[in-house]
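Every number in this text was worked out from the coordinates using simple rules, so none of it is lab data. Remember, predicted model here, so these are calculated numbers, not experimental data. Cβ coordinates were reconstructed from backbone atoms using ideal geometry, including for glycine residues, and neighbour counts include every protein chain displayed.
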Amino acid sequence: MIFGFNTDVKHGDTIYHVQSEAREGEQLLQTQVFMRGRCIGKKAVSYAATPGYGDSQKEQQLRDQHRLVLEAIREGNLEAVLDRTEGESLAAIKQLELHWENADSVRSDHNLTMRLRVTENDTAVPSARLTFRFSRPEAAPFYTQAISDSAGRAEISFEIDESSLPDSSILIQATHAGRTVTRKFALRKSD
């Protein structure tokens with residue numbers, strides 16, 4: 001079963017996006033915190049050593065972990081719940097980069113087309129899995145996936161009404177070989 005949670009929460013003047021998911025391949029329950037589209041911290045719990053750990057147990061533990069991080073943000077105590085390895089800063093953790101290559105020209109007719117490139121240290125990352133979550137007002141979120149080509153590029157296109165753009169957003173997560181990047185983009189009408 002695939003499940004996860006996404007929540008925007010505000011503390012002071014800052015809006016944080018909190019994303020929690022069960023990472024089946026790594027047997028982790030992971031919560032990531034984003035600010036302005038950049039991951040600023042993670043909390044992960046392994047369930048690998050727990051035989052017979054069922055989907056309902058994973059979902060409840062992930063829900064509790066997600067709630068813990070949300071409460072820490074609201075209380076201004078986020079650093080206390082994030083994972084840290086002794087002597088390691090989050091900035092030192094190698095992650096992927098996600099570049100939106102056609103951000104200035106994405107819409108034609110009734111379609112929104114996004115061209116993205118996944119890199120690591122400015123080198124293309126082929127075969128990265130990109131998951132897109134398109135949120136728009138008064139409609140269920142739309143999900144789709146793509147795989148980056150040998151140049152690290154991937155493209156998606158979907159139909160959208162321009163009037164809903166100012167209230168819509170796209171969350172994109174790229175994953176490859178245990179590394180990840182997640183970015184959230186707000187959309188707007190072209191001038």
* Rounding to the nearest 20 debye, state how big the charge dipole of the chain is about its Cα centre with +1 on each Lys and Arg Cβ and -1 on each Asp and Glu Cβ. => 180 debye
* To do: Taking just the C-alpha trace of the chain, give me its Rg and Dmax in Å.
  => 17.4, 56
* Karplus-derived 3J(HN,Hα), 6.51/-1.76/1.60, for each residue of the range 152-164, Hz, glycine and proline x -> x, 9, 8, 9, 10, 8, 8, 7, 8, 8, 4, 5, 8
* **Approximate spin-label separation GLN145-THR113, in nm, with each point projected 7 Å along Cα-to-Cβ** => 2.4 nm
* **Note, ³J(HN,Hα) from phi for the range 24-32, Karplus 6.51, -1.76, 1.60, rounded to Hz, x at Gly and Pro** => 4, x, 9, 6, 10, 9, 10, 10, 10
* Using only the Cα atoms of the range 97-191, each taken as one equal point scatterer with no solvent, compute I(q) by the Debye sum, divide by I(0), and report log10 of the ratio at q = 0.10, 0.18, 0.22 Å⁻¹. => -0.26, -0.79, -1.10
* Structure fact -> Calc'd 3J(HN,Hα), the range 109-124, phi into Karplus 6.51 cos²θ - 1.76 cosθ + 1.60 (θ = phi - 60°), Hz, glycine/Pro = x, comes to 6, 10, 10, 10, 10, 10, 10, 10, 9, 9, 9, 9, 6, 6, 10, 4
* To do: Work out the length of the dipole vector of the range 94-186 about its Cα centre, built from +1 on the beta-carbon of each Lys and Arg and -1 on the beta-carbon of each Asp and Glu, and round it to the nearest 20 debye.
  => 460 debye
* Asked: How high is the relative contact order of the chain, given as a whole-number percent (alpha carbon pairs under 8 Å, six or more residues apart)?
  -> 16 percent
* Most positive-pole-ward Cα, VAL81, ALA186, VAL33, against dipole of the chain from beta carbon charges -> VAL81
* To do: Just need the relative contact order of the range 15-76 here, percent rounded to a whole number, with Cα pairs under 8 Å and 6+ apart.
  => 31 percent
* Peptides 167-180, 147-160: what's the order by average Cβ count within 10 Å, highest mean first? -> 167-180, 147-160
* Cross-chain or 8 or more residues apart, Cα under 28 Å: how many lysine pairs in the chain fit that? Count them up, please. => 15
